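What follows is one structure encoded as structure tokens, with my remarks underneath.
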Amino acid sequence: MEVGPPLKSEAWKAVATVTDQDRLARLGLAWQEALAEARKSNPGDVAHEGKLLLPRSGLPRPAPTPGSYNCRVLTLGKATAKGKSFESFRPFFCYVEVEGDQLTIVKQTGSQRPSGRLWEDDDPNRMIFLGSLALADEEQPLAYGDDPKRNMAGVFERIGAFRWRLVIPWPQSDAKLEVFELTPVDFTQQPQ
């Protein structure tokens, strides 16, 4: 019997915790519940975001170009009673770089700074993000897996020309879904 090449997902699944694999497996449910709540409370805001908030809209060639990006985050759905059904935050800077044979994403500013690696997946229209959260004045983020409470797992997709998104289902926050939008920064606006 001939054995084919290994699945691309085997590499990220060997690193991802069982909890994060479960979160990623329930991505569709996160989209469904979070969007329903956000559309009920903020229908105009959800409609305004267009393709950014449309599930299953990933395009081929999801890998971003290394460099600086304007990033903003939206949270959808309430995971706790005190959460909001829809919230949009001010843009911040993040950076994509090549580290070995993988791409990494680092949020450069703010009190909570996600950082992690992008892994190829069996679905050619997406990559898998595994990372962690740096807090306050920490200079370096913890490695993925060092503190399960800071682990982040998501799906990275290209959704248009020079436009990407990172979707974190069931994040360890007050939301059911976090959506990060990434668009390239004009070189004159890059942080020092």
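The values are calculated or read from the model by the stated rules, or taken from the named source; none is laboratory data. Just so it is clear, the structure is predicted and the values come from calculations on it, not from any experiment. Cβ coordinates were reconstructed from backbone atoms using ideal geometry, including for glycine residues, and neighbour counts include every protein chain displayed. Heads up: the accessible areas ignore ligands, DNA and RNA and are worked out on the full protein's heavy atoms, side chains in. Shrake-Rupley method; radii C 1.70, N 1.55, O 1.52, S 1.80 Å.
General observations
- Where a residue in region 128-140 is assigned to a loop (DSSP other than H, G, I, E, B) and of a type outside the set (A, V, I, L, M) and its partner, wherever it lies, is at pLDDT 80 or above and open to solvent by less than 10 Å² (accessible area, probe 1.4 Å), with Cβ under 9 Å and at least six apart: Q140/A134
- The residues of region 42-58 that are part of a helix (DSSP H, G or I) and open to solvent by 60 Å² or more (accessible area, probe 1.4 Å), listed by number, are P43, D45, A47, H48, K51.
- Positions within region 167-187 being closer than 22 Å to R23 by Cα, touching a Phe, Trp or Tyr at 6+ places or on another chain (Cβ under 8 Å) and open to solvent by 10 Å² or more (accessible area, probe 1.4 Å), in sequence order: K176, E181
- Residue in region 59-79 that is of a type outside the set (V, I, T), open to solvent by less than 20 Å² (accessible area, probe 1.4 Å) and assigned to a loop (DSSP other than H, G, I, E, B) present: yes
- Region 97-106 - residue that is hydrophobic (A, V, I, L, M, F, W, C) and under 13 Å from the mean Cα position of the chain (by Cα) and, of those, modelled with the highest pLDDT: I105
- Looking only at region 163-177, and only at residues there that are touching a Ser or Thr at 6+ places or on another chain (Cβ under 6 Å) and modelled with pLDDT under 95, the one that is nearest to A34 (Cα to Cα): A175
- Restricting attention to region 6-28 and to residues that are assigned to a helix (DSSP H, G or I) and of a type in the set (D, E, K, R), the residue that is surrounded by the most Cβ atoms within 10 Å (Cβ to Cβ) turns out to be D20.
- Of all residues in region 80-102, those satisfying the criterion of being under 17 Å from L35 (Cα atoms) and part of a strand (DSSP E or B) are F86, E87, S88.
- Hits in region 120-135 - residues which are surrounded by fewer than 16 Cβ atoms within 10 Å (Cβ to Cβ) and hydrophobic (A, V, I, L, M, F, W, C): L135
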